[in-house]
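What follows is a single structure, written as C-alpha cells, with notes after it.
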Amino acid sequence: MSAPVLSLYNTLSKSLESFSPLDPAGRKVTFYSCGPTVYDYAHIGNFRSFLNADILRRTLELLGYEVRHVMNITDVGHMTDDGNADGGGEDRMAVAGRRLAEAKKSGKLPADVAIDPNDPYAIAEFYAQAFLEDSKTLGLKVAFDRERDPGLMPRPTRYIREMILLVERLIARNHAYVGRDGVVYFDVRSFPQYGKLSGNTLDNLKEGAGERISAENQANKRNAADFMLWKPDATHIMRWPSPWGEGYPGWHLECSAMAAGLLGEEIDLHSGGEDNIFPHHECEIAQSCGASGHTHFARHWFHTRHLMVEGDKMSKSKGNFYTARDMFAKGVTPAALRLELVRTHYRSNSNFTMQGLADCQRQIDRWSRAYEALKAAAAGKSPDRAAAAGPFESALPTFIDSLCDDLNLARAMAAMNEALGRDGSAACPVREATALERMNGVLGVFERNAVMAGDDDGLEGKVKALLERRTAARASKNWAESDKVRDELAALGVAIKDGPQGTTWSRVVK
RNA sequence: GGCCGGAUACCCAAGUGGCCUAAGGGAACGGAUUGCAAAUCCGUGAUUCGCGGGUUCAAAUCCCGCUCCGGCCUCCA
C-alpha cells in the first residue's frame, strides 16, 4: 500500500496539485506564512488564516513530513494611506501609539502596562507579545516552536541589513532603479512573470488602475505598476541608514528577505490571506525571483478566503469586529474558537456565528468524552496487537484521506463522528486512544477545551453561595425555592447541571 | 471592465457521471432519563442539489447561458 499523497490547491497554477517537497529525500518541508502586523490585537479573521496554515502544517506532519514553519511578525509600521503606492499617509505604528495612549487614559488598558506610546518598538513589542499569547492559546504550533528557536517568528526590524542587500542585488541585476524622487522601485517590466499569481498582468492592470495612480507620482517611475523597495525619508518614525539615504523598506520586501534567510531562495509552501495575493505576494515573487534568478520563489501558494461574521463583512463600524481575546472574555473555549475558524473549507468564505461556536463546543465535548473514556479504559494497559481494529482506528485512514483531499476537514470530522456512533467495546482502548490522539494532532482541540481563567466580576463567589442555597432547598424538596435560585443563576448568565457527583455550572456564551 | 472563489435542508457541511429516493454535525420535534430542567441516550428530517437549456442509457456531479454572494485589481488575514 502506498503512502497517502496530499492533493492541495495551488493559487499559482489555479489547480489541485500533488504535493511533494523540494527535499530530495522527500521528508523536509519549508513553509513560510505571512503573519500579523503588530499595531493592534489580531482579530478572528486574522486567526482564520493563521489557523488554516497550522492545519496544513499539522496535516503534513501527520503524513510524516518534517516541517520547518516560519511566520513573520511585522513590526515595521506600514502606511495608512498608500494611495500613491509609495508610502504616503501616516505610519500605522504612530496611529497605534495614539490609540494606546488613549486606552491608558480611559483605563481600558491596565495602568501597570508600562509602554511609551511614542516608541514604535515598544508598541510593536506590546502587540507582538499579545499575539504570541493568543497564538499559543489557539494552538498555533509555530508559536511553540519559537520558544526553542525564536528565529522562526522573525521581525523585519531585525532584517533591515538583508533587505538592503536584496535591493542592491535587484539593482545590480537590472530589476530595480532609483526614481527621480530618490525612491528605489522594482521595475515590473524586467520581470515577465509579473501577474501570474494574481491574474493582474500588466495589461490587466492598465485596464483597471485608472484614477488610483496619481500622475504626479507616475512621473517618478518607469511604469505605473512599479512598486517601492526603499523610501528615503529622514523624518519617518522608524528609519534606518541605507545607500539611498535614511529611510524605510518597501512593505513587500521583508517577506522576501526573511524567507530567503531562514528557509532558502526557493521554498515549498507560502501561505496568507486571500487579500495577500495581490499586491503582496505578486511583488514578493518578483523580488525573490528577480534577485535569485530561480524560476520559483514558493512552489506552492496557499490562500485562505475571508471570514464573515453573522453573514456580514467584519468591520468595526458594524460592531461585528472581534479579536480572539474578545471571544475568550465571553467564555468561549479556545478549542471551540479554533474549530469554528477552520471547519469551513479554506477556499470558501466562512461565516462566523455564535451558533456555530456553540455547535463546535458540543462537537468537541462529545469527542472529548469518548477520548477520556478511552484513556481511562487504557490506563496501565499495553496495546493488544491481536484485537481487531476498533472504530477510531478503522476511521483513521478515512480521516487521513479526507485531509489529503485538499484539507477536507468536514469529511474527516464526519469519519470521527461515524466512529463515535459505532460499538467499540471489543476494541483495544490503548490503540483506540492512540488513533484519536493522531486525529487530534491535526484538530488540536482536546488540550484547549477549557474556558480561559478570569473572574474579574467575582462571579465564582456569587455562584457558589447560590448553589449552596439551592442544594439545601433541594435536600428539603423545596422545589419552588430551588427553581427560583436557578432563575437567579440564569440571570447571572450561568447554566447548571445536576449530576450524580453534584451540581456543576458554566457561563453561558452569548 | 479584468482576474478568481462560491451557491446542496432552518443553520454548518459532505458528495466531483450509476452504490444519491444525497454523509456527518447543530437546531427543531417525539421518546427514555430527571422533582422540574440542563446534560446524556434513542428516533424523525432534502424524491432534491441557485435558475434555464444541453450532452448521456444515466447529472448535485460534464457543457453553455443567466442570476446572486464573496474576494483582489496597490490599506487589509
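The values are calculated or read from the model by the stated rules, or taken from the named source; none is laboratory data. Since the model is a prediction, treat every value here as computed from it, not as a measurement. So basically every Cβ, Gly included, is an ideal-geometry build from the backbone, and we count neighbours across all protein chains shown. Note: accessible area is taken over every heavy atom of the protein model, side chains too, but ligands, DNA and RNA are not part of it. Shrake-Rupley method; radii C 1.70, N 1.55, O 1.52, S 1.80 Å.
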When you scan region A:315-383 for helices (runs of 4 or more DSSP H) that lie fully inside it, which ones turn up with 3 or more residues that are surrounded by fewer than 14 Cβ atoms within 10 Å (Cβ to Cβ) and free of Cβ contacts under 8 Å to residues at least 12 places away in the same chain?
A:354-378
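Out of curiosity, is A:Gly83 modelled with pLDDT under 80, within 13 Å of RNA strand B (Cβ to nearest atom) and open to solvent by 10 Å² or more (accessible area, probe 1.4 Å)? Please lay out each step first, then the result.
On the way: modelled with pLDDT under 80: yes; within 13 Å of RNA strand B (Cβ to nearest atom): yes; open to solvent by 10 Å² or more (accessible area, probe 1.4 Å): yes.
Here the answer is yes, as A:Gly83 does meet what is asked.
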Residues within region A:292-345 that are within 15 Å of RNA strand B (Cβ to nearest atom) and basic (Lys, Arg), tallied:
6
Residue that is farthest from A:Leu8 (Cα to Cα) [pool: residues in region A:402-416 that are more than 8 Å from RNA strand B (Cβ to nearest atom), in a helix (DSSP H, G or I) and not small (Gly, Ala, Ser)]
A:Leu403
Determine which member of the set A:Leu12, A:Leu16, A:Leu60, A:Leu51 is part of a helix (DSSP H, G or I), within 13 Å of RNA strand B (Cβ to nearest atom) and of a type in the set (A, V, I, L, M, F, W, C).
A:Leu51
Is it true that A:Ile277 is in contact (Cβ under 8 Å) with a residue 12 or more places away in the chain, in a helix (DSSP H, G or I) and more than 19 Å from the chain's Cα centre (by Cα)?
no
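Is it the case that region A:452-459 has a residue that's assigned to a helix (DSSP H, G or I) and either open to solvent by 60 Å² or more (accessible area, probe 1.4 Å) or modelled with pLDDT of 90 or more (or both)?
no
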Looking at (1) modelled with pLDDT of 95 or more; (2) within 26 Å of the chain's Cα centre (by Cα); (3) open to solvent by 30 Å² or more (accessible area, probe 1.4 Å), which is the one condition that is false for A:Arg411?
(1)
Looking at region A:9-29, I want the residues that are farther than 19 Å from A:Ile285 by Cβ and free of Cβ contacts under 8 Å to residues at least 24 places away in the same chain and have a partner that is open to solvent by less than 80 Å² (accessible area, probe 1.4 Å) and more than 10 Å from RNA strand B (Cβ to nearest atom) with Cβ atoms under 6 Å, at least 6 apart or on another chain. Which pairs are those?
A:Ser18/A:Ser7
Is at least one residue of region A:471-485 open to solvent by 60 Å² or more (accessible area, probe 1.4 Å) and within 19 Å of A:Ser368 (Cβ to Cβ)?
no
